[in-house]
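Input: a single structure, listed below in structure tokens.
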Amino acid sequence: MKTLMIAAFFLLLLSGCIGEAGGSARSEELIVNEDVGGIDVKENPVAVIITNKGEFRFELYEEEAPATVANFIELAESGFYDGLTFHRYEPGFVIQGGDPRGDGTGGSEKTIPLEIHKSLRHDKGAVGMARTQDPNSATSQFYVALDPAHSLDDGYAVFGMVSDGMDVVLNLRAGDKMEKVTIER
């Protein structure tokens with residue numbers, strides 16, 4: 001009888017520990033989903049690129065690169081990118097598009113200043129703005145890093161990160177088409 005009571009005690013103790021761990025995870029989940037004390041949690045806009053090889057999405061970092069993101073959104077919403085090709089493919093480096101001439105020499109009618117944010121690095125899937133030797137010459141051409149490309153850090157503006165469809169990005173080649181580019185807010 002005494003052995004049975006000791007075993008029951010340990011089972012109760014063990015179930016209490018499991019309940020505590022389970023309860024802890026659930027309460028953290030509730031905290032994450034609760035209103036955060038009047039703070040407006042803003043989600044970043046997302047660019048949706050529909051290509052002839054599928055769709056990919058990337059989050060736009062509006063707070064860290066406001067001029068670059070505003071420029072990209074303006075061009076996307078005007079239909080500028082619709083039908084353009086990816087004109088540059090460098091294996092293990094970048095896929096680049098956004099040139100209305102299709103050869104890497106064109107752009108939109110305005111340029112934007114270089115925006116560098118120390119927290120945004122050229123990791124795999126980073127979306128950056130192409131430019132000429134002039135740091136403030138970016139216009140409409142953008143690229144996606146196919147692998148880490150840290151040699152570009154602090155020289156080119158990262159303004160987004162692929163959040164879905166990196167497999168599509170990795171299958172793109174020069175000549176592939178952006179059928180439609182939209183922004184989700």
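The values are calculated or read from the model by the stated rules, or taken from the named source; none is laboratory data. Being a predicted model, the structure only gives us computed values, none of them experimental. So basically every Cβ, Gly included, is an ideal-geometry build from the backbone, and we count neighbours across all protein chains shown.
For Gly79, the stated conditions hold: it is in the same structural domain as Leu170 (by TED's automatic domain parsing), touching a Lys or Arg at 6+ places or on another chain (Cβ under 9 Å), farther than 15 Å from Gly160 by Cα and at pLDDT 95 or above. The condition of being surrounded by fewer than 20 Cβ atoms within 10 Å (Cβ to Cβ), assigned by TED's automatic domain parsing to the domain that holds Phe72 and within 19 Å of Ile49 (Cβ to Cβ) holds for only one of Gly92, Gly104, that being Gly104.
Got a number for residues in the stretch 147-183 being assigned to a strand (DSSP E or B) and closer than 15 Å to Lys118 by Cα? Explain how you work it out, then say what you get.
From the stretch 147-183, those assigned to a strand (DSSP E or B) are 157-164, 177-183; that's our starting set.
In the following step, the residues that additionally are closer than 15 Å to Lys118 by Cα were identified as 157-161.
Total meeting the criteria: 5.
For the stretch 76-98, a tally of residues being of a type in the set (A, V, I, L, M, F, W, C) and more than 14 Å from Met178 (Cα to Cα) returns 2. The requirement of being closer than 13 Å to Ala65 by Cβ and not basic (Lys, Arg) is fulfilled nowhere in the stretch 90-107; no residue meets it. For the stretch 123-172, filtered to residues that are touching a strand residue (DSSP E or B) at 6+ places or on another chain (Cβ under 8 Å) and polar (S, T, N, Q), the residue that is surrounded by the most Cβ atoms within 10 Å (Cβ to Cβ) is Gln141.
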